[in-house]
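Following: one structure in structure tokens, then a few remarks.
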């Protein structure tokens with residue numbers, strides 16, 4: 001487990017150094033006892049600049065105790081200008097043709113970066129609150145080690161366009 005942590009830390013450091021200019025936000029929350037409780041919502045506060053156009057990704061890490069083929073979640077965005085956007089997602093975790101896990105597996109822990117929203121524009125400065133809620137009802141979900149949010153500037157970023 002210690003080796004996995006060191007490898008994950010090293011890879012995330014290398015990736016963040018190579019992609020530093022475009023990454024706006026990157027935070028991962030470890031799930032206590034690898035059990036995402038039914039009503040445990042994860043909250044992320046993303047700093048927004050006026051005219052940003054951003055891509056949002058769910059960073060999901062799970063072990064062999066998680067038996068799901070899909071990850072059903074609800075993700076809500078509360079933008080700085082007062083708008084609320086919410087949507088139910090059902091992320092595929094296994095390729096049905098090959099029956100293999102999507103993402104990268106090291107020491108029985110799989111990490112996958114799942115696209116949430118691409119090219120989401122913002123018109124004011126402030127904080128965009130992102131709330132991620134598990135939609136698996138009535139039971140706890142074992143095997144989920146961490147859930148995170150990664151935000152990257154879109155190539156269509158409005159702030160880089162000439163006026």
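The values are calculated or read from the model by the stated rules, or taken from the named source; none is laboratory data. Keep in mind it's a predicted model, so treat the numbers as computed, not measured. When we count neighbours, we look across all protein chains shown, and the Cβ atoms used for this are built from the backbone with ideal geometry, even at glycine.
Side notes on the structure shown:
- Selection from segment 68-92 of residues that are assigned to a loop (DSSP other than H, G, I, E, B) and touching a strand residue (DSSP E or B) at 6+ places or on another chain (Cβ under 6 Å): 69, 79, 80
- In summary, residue 65 fulfils each of the numbered conditions (1) part of a strand (DSSP E or B); (2) surrounded by 13 or more Cβ atoms within 10 Å (Cβ to Cβ) with the single exception of condition (1).
- Tally of residues being part of a strand (DSSP E or B) and either modelled with pLDDT under 95 or crowded, with 17+ Cβ neighbours inside 10 Å (or both) across segment 93-104: 4
- Selection status of residue 54, at pLDDT 95 or above, closer than 26 Å to residue 90 by Cβ and crowded, with 16+ Cβ neighbours inside 10 Å: yes
- Looking across segment 105-120, the residues that are touching a helix residue (DSSP H, G or I) at 6+ places or on another chain (Cβ under 8 Å) and either more than 11 Å from residue 61 (Cα to Cα) or crowded, with 16+ Cβ neighbours inside 10 Å (or both) come down to 107, 109, 111.
- The lone exception for residue 8 - which of (1) touching a strand residue (DSSP E or B) at 6+ places or on another chain (Cβ under 9 Å); (2) over 30 Å from residue 124 (Cβ atoms); (3) modelled with pLDDT under 95; (4) outside any helix (DSSP H, G or I) it fails: (4)
- Screening residue 127 against (1) in contact (Cβ under 8 Å) with a residue 40 or more places away in the chain; (2) part of a strand (DSSP E or B); (3) surrounded by 15 or more Cβ atoms within 10 Å (Cβ to Cβ) leaves a single unmet condition, (3).
- In segment 107-117, the condition of being in contact with a strand residue (DSSP E or B) (Cβ under 6 Å, 6 or more places away or on another chain) and modelled with pLDDT under 95 is met by at least one residue.
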